[in-house]
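What follows is one structure encoded as structure tokens, with my remarks underneath.
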Amino acid sequence: MSKAAELRRLVNSYQLSQAIHVAAVLGIADLLADGPRSSDELAKATATSPRALYRLLRALAAFGLFREDDDRRFSLTELGDALRSDAPESVAGWAAFVGRRNIREAWSALEESIRTGENAFKLEHGVSVWEYRAQNPEESEIFDRAMASSSHLVIRSLIDAYDFGRFGTIVDVGGGNGTLLRALLDEYPQLNGVLFDQPHVVEGVDLGERGRIVGGSFFESVPEGGDAYLLKWIIHDWEDEESVAILRNVRRNGGALLLVERVVEPPNEGPETKLGDLNMLVGPGGQERTLEEFRAVFEAAGYELVGDTPTASGMHVIEGKPA
Ligand SMILES: C[S@@+](CC[C@H](N)C(=O)[O-])C[C@H]1O[C@@H](n2cnc3c(N)ncnc32)[C@H](O)[C@@H]1O
């Protein structure tokens, strides 16, 4: 492929992303879990246009998500298998979220964001992602499932690289629907956990006898009693001023601070982190950071950065202790 053709494919990749999103929303991979089916059968099962669905499936087959046989029967490939909702490292929840209209519209404001430095979601919708989701319960649930889906991709690598079992009680601050904390409680039978997030996010979550659920805002306070305070994908949602405010509230309780984040790599490396950083500019209005930038935020909040543990998934466990 020529460089120009390669670039053109990159330019068009949002179209592929949207096609995968629709396949995820329709649950195509789940429908193919037990074996091949014709596109007409799939159209019936998903109440879609047979001709249009066939065009979607053959396009995705050309990109290797499905395999198309001569008689318009489709089966799952290894790549497409990760779109099953119950795949061990399912991407279904993330794919279902990324193509939502409110997210797409925010990305359409990227140019304005780059010109002004302002958060695209707020420019487009007039409210922050958190306000928007608080007002739109369906979007909130879709987002929480996307986070759970993304967590499944990294949890094993975190547990393999870092011993969370040395703490008695871990408070998961902004822990969403509890996917990570549930995995930690399963892994370490002596561990107790507190799941803390906005009230509408933690409502109805049950983590069993060793898991306490608390709703609130980390801009006001976070639950006491943690030997460690875990914040996974929280600080990257915020600019420095808000990040320091959150960490100061955590700091009031003492305990170890454990951030799970990507760390921005040197120039020309780390495309996921750097695209993720743009995603922060567009979505919540935060940023990915270098280790030195994390260190500065830690110091401003009263922590000393004492550890940085890289993991196989690309996530780091960045550890602080009260200074
Ligand atoms: C990017 S998600 C990460 C969720 C989870 N830690 C994970 O890794 O899957 C950010 C989380 O911060 C929560 N959050 C946002 N504002 C909050 C606030 N003011 N107080 C508490 N939690 C908040 C959101 O509800 C969301 O669950």
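The numbers here are math on the coordinates, done by the rules we state, and not lab data. Since the structure is predicted, the reported quantities are computational estimates derived from the model, not experimental observations. Backbone-built Cβ (ideal geometry, glycine too); neighbour counts: all protein chains shown.
Residue check: is ALA45 aliphatic (A, V, I, L, M), out of contact with any helix residue (DSSP H, G or I) (no Cβ under 7 Å at 6 or more places or on another chain) and over 25 Å from GLY283 (Cβ atoms)? Break it down into steps so the answer makes sense when it comes.
Details: aliphatic (A, V, I, L, M): yes; out of contact with any helix residue (DSSP H, G or I) (no Cβ under 7 Å at 6 or more places or on another chain): no; over 25 Å from GLY283 (Cβ atoms): yes.
No, not satisfied.
Go through THR169, THR116 for me and flag whichever is among the hydroxyl-bearing types (Ser, Thr, Tyr) and in contact with a strand residue (DSSP E or B) (Cβ under 6 Å, 6 or more places away or on another chain).
Details: THR116 fails: in contact with a strand residue (DSSP E or B) (Cβ under 6 Å, 6 or more places away or on another chain).
Testing whether each residue is among the hydroxyl-bearing types (Ser, Thr, Tyr) and in contact with a strand residue (DSSP E or B) (Cβ under 6 Å, 6 or more places away or on another chain) leaves just THR169.
Hand me the list of helices (runs of 4 or more DSSP H) wholly inside region 137-253 holding 3 or more residues that are under 30 Å from ARG100 (Cβ atoms) and either more than 10 Å from the ligand (Cβ to nearest atom) or of a type outside the set (A, V, I, L, M, F, W, C) (or both).
Values: elements: 137-161, 179-187, 199-202, 240-251.
In region 137-253, 137-161, 179-187, 240-251 are the helices (runs of 4 or more DSSP H) which contain 3 or more residues that are under 30 Å from ARG100 (Cβ atoms) and either more than 10 Å from the ligand (Cβ to nearest atom) or of a type outside the set (A, V, I, L, M, F, W, C) (or both).
With the structure loaded, tell me whether ALA82 is buried (at least 17 other Cβ atoms within 10 Å of the Cβ), more than 22 Å from GLN15 (Cα to Cα) and among the small types (Gly, Ala, Ser) or whether it fails that test. Break it down into steps so the answer makes sense when it comes.
On the way: buried (at least 17 other Cβ atoms within 10 Å of the Cβ): yes; more than 22 Å from GLN15 (Cα to Cα): no; among the small types (Gly, Ala, Ser): yes.
No, not satisfied.
If you scan region 1-30, which residues turn out to be hydrophobic (A, V, I, L, M, F, W, C) and within 21 Å of the chain's Cα centre (by Cα)? Break it down stepwise before answering.
Of the residues in region 1-30, the ones hydrophobic (A, V, I, L, M, F, W, C) are 1, 4-5, 7, 10-11, 16, 19-20, 22-26, 28-29.
LEU16, ALA19, ILE20, VAL22, ALA23, ALA24, VAL25, LEU26, ALA29 - these are the residues of region 1-30 that are hydrophobic (A, V, I, L, M, F, W, C) and within 21 Å of the chain's Cα centre (by Cα).
Filter region 108-136 for residues that are of a type in the set (Lys, Arg) and more than 16 Å from VAL98 (Cβ to Cβ) and give the result.
Taking region 108-136 as the starting set, the residues that turn out to be of a type in the set (Lys, Arg) are 115, 122, 133.
Listed by number, the residues that qualify are ARG115, LYS122.
From the list ALA43, ALA61, ALA33, pick out the single residue that is in contact (Cβ under 8 Å) with a residue 12 or more places away in the chain and in a helix (DSSP H, G or I).
Working: ALA43 fails: in contact (Cβ under 8 Å) with a residue 12 or more places away in the chain; ALA33 fails: in a helix (DSSP H, G or I).
Every option except ALA61 fails the conditions.
Taking ALA312 as meeting all but one of (1) within 22 Å of LEU158 (Cα to Cα); (2) among the hydrophobic types (A, V, I, L, M, F, W, C); (3) in contact (Cβ under 8 Å) with a residue 60 or more places away in the chain; (4) within 14 Å of the ligand (Cβ to nearest atom), write down the number of the exception.
(4)
Does any residue in region 161-185 that is more than 16 Å from LEU231 (Cβ to Cβ) come within less than 6 Å, Cβ to Cβ, of a residue that is of a type in the set (Val, Ile, Thr) and away from the ligand (no atom under 16 Å from the Cβ) six or more places away or on a different chain, and which pairs are these?
ALA161/THR309
Does ALA95 satisfy the condition of being without any contact (Cβ under 8 Å) to a residue 24 or more places away in the chain and closer than 22 Å to ARG9 by Cα? Lay out the reasoning, then the answer.
Details: without any contact (Cβ under 8 Å) to a residue 24 or more places away in the chain: no; closer than 22 Å to ARG9 by Cα: yes.
When the stated conditions are applied, ALA95 does not pass them.
Find the residue count for region 287-323, including only residues that are part of a strand (DSSP E or B) and either of a type outside the set (D, E, K, R) or within 19 Å of the chain's Cα centre (by Cα) (or both).
Applying the first criterion (part of a strand (DSSP E or B)) to region 287-323 yields 289, 303-310, 316-322.
Now restrict to residues that are either of a type outside the set (D, E, K, R) or within 19 Å of the chain's Cα centre (by Cα) (or both): 289, 303, 305-307, 309-310, 316-318, 320, 322.
Looking only at that region, the number is 12.
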